[in-house]
Amino acid sequence: MQISDRIQNVAESGSLKMAARCREMQAAGVDVISMTLGEPDFAAPEHIKEAAIAAIRADYSHYGPVPGYPALREAIAKTLPIEAGFTANDIVVSSGAKQSLYNVVVCSLNSGDEAIIPTPSWVSYSEMVKLADARPVIVKTSAEHDWKMTSEQLAAAITPKTRMLILCSPNNPTGSVYSEKELDAIVDVLKKHPEVTVVADEIYNAIVYGKRAKSMAEYGEISDRVVIINGVSKAYAMTGYRIGWMASKNIEIVAACKRLQGQSTTCANTVAQKAAEVAYTGDQSCVEEMREEYSRRRKLILELMSEIPQVKCSVPDGAFYVFPDVSAYYGGKIGSSHEMTEYLLNEAHVACVAGADFGEDKCIRLSYATSRENIREAMARIKKALEKL
Ligand code: PLP
């Protein structure tokens, strides 16, 4: 059967591949600790589960409106900065932030357009850009700059073909959070380029440690071309519910996303939408409780990481990942992050994701969305395995 060139050019998700290998080994009885996945290990909070059950009983079994139920969109609008003035009409709810991103990328980019992606970055951005027949332009960031793109780097990367910037803060995989000053400088550059759409992926904005993640929605000067992406997956531990959303003051991109979604998936799961509505309108203490636990785990993993002499690890301000530089162990039998993750899987029975999958081969990504017990055991195993190199 013919498989399109379009899909053949798209890479398989490295993190999902590693997670699948880990599951296979676990099924075969190997005691593998997974530090691979980008999702909370917590179950969805009880009151949210109850809302889903109530929605089933209330027969939310039909198609819903393409952009999502108005009550959910109103609740989402209230999560955005008040001064930005978002309403339900500015929002399209989709089957996860991933679909929202895909909708926006496909609806904004033409063949040959360029999209700037500061890297290390989440694996899917560049593949989505390629699916839209556009070109990802990778801007490499470094640990020295806390894995953040400077305004100078942005200015240098913009060409007459640039039509999009995809900015993720807090970042996956590095956990970096752009400060207000850093964002101000980036926005100053963007003001000179009205043809560039800014896609701000803020999916981890509820998971920060002592630092506020400023939203791109706070920049009124460029609001006509900013698209905010977020969802319930990470903040409310609802990854499997598949509810994400885009918000924009630009009515054309909102209309385009609705049109695409109307022809592709119709609407997000209606039961999950009712649960998401309660997530946003209900008691928010669950978000804080999970954040506090991530914070304890972050402290633990950073402490244990600092005990491994040759590993260099930046301190993440958000999300639930550490992205240590393990390249001091390269040479000899390990020459890349893929070989390192393979080695750690086989030797230490710890699964993590190769930095190369995020565009930085010196590093590996460890997710600390797992118990403190697992973190302790995984780090002890990693230390021992690295000492053998
Ligand atoms: N954006 C980033 C940076 C992510 O890490 C993820 C999931 O891992 C997503 C978006 C997708 O989230 P969702 O579950 O809402 O599709």
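Descriptive notes on the structure:
- Any helices (runs of 4 or more DSSP H) falling wholly within segment 1-64 and containing at least 2 residues that are within 21 Å of residue 278 (Cβ to Cβ) and at pLDDT 95 or above: 46-57
- Residue tally, condition assigned to a loop (DSSP other than H, G, I, E, B) and either surrounded by fewer than 24 Cβ atoms within 10 Å (Cβ to Cβ) or more than 15 Å from the ligand (Cβ to nearest atom) (or both), over segment 216-237: 4
- Residue selected from segment 94-117 under the condition assigned to a loop (DSSP other than H, G, I, E, B) and within 15 Å of the chain's Cα centre (by Cα), by the criterion farthest from the ligand (Cβ to nearest atom): 95
- Tallying residues that are of a type in the set (Asp, Glu) and in contact (Cβ under 8 Å) with a residue 60 or more places away in the chain within segment 104-129 yields 1.
- Answer residue from segment 343-372, given it is assigned to a helix (DSSP H, G or I), surrounded by fewer than 17 Cβ atoms within 10 Å (Cβ to Cβ) and at pLDDT 95 or above and is farthest from the chain's Cα centre (by Cα) among those: 347
- Those residues of segment 242-256 which are over 16 Å from the mean Cα position of the chain (by Cα) and within 15 Å of the ligand (Cβ to nearest atom), in sequence order: 247
- Residues of segment 321-334 that turn out to be over 16 Å from the mean Cα position of the chain (by Cα) and either modelled with pLDDT of 95 or more or part of a strand (DSSP E or B) (or both), as a count: 9
- Filter result for the condition that a residue is of a type in the set (A, V, I, L, M), part of a helix (DSSP H, G or I) and crowded, with 16+ Cβ neighbours inside 10 Å, over 268, 213, 279: 279
- Filtered residues of segment 189-210 (kept if acidic (Asp, Glu), surrounded by 17 or more Cβ atoms within 10 Å (Cβ to Cβ) and either in contact (Cβ under 8 Å) with a residue 60 or more places away in the chain or away from the ligand (no atom under 16 Å from the Cβ) (or both)): 201
- Within segment 294-342, tally of residues that are crowded, with 23+ Cβ neighbours inside 10 Å, within 18 Å of residue 372 (Cβ to Cβ) and within 16 Å of the ligand (Cβ to nearest atom): 5
Residue-wise test of (1) at pLDDT 95 or above; (2) touching a strand residue (DSSP E or B) at 6+ places or on another chain (Cβ under 7 Å); (3) of a type in the set (D, E, K, R).
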residue	(1), (2), (3)
238	yes, no, no
248	yes, yes, no
254	yes, yes, no
291	yes, no, yes
303	yes, no, yes
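- Taking every residue in segment 230-254 that is closer than 16 Å to residue 284 by Cβ and pairing it with any residue that is among the acidic types (Asp, Glu) and within 10 Å of the ligand (Cβ to nearest atom), at least 6 positions away or on another chain, the pairs with Cβ-Cβ distances below 6 Å are 230/202.
The values are calculated or read from the model by the stated rules, or taken from the named source; none is laboratory data. The structure displayed is predicted, hence computed values, not measured ones. Neighbour counts run over all protein chains shown; Cβ positions are idealised from the backbone, glycine included.
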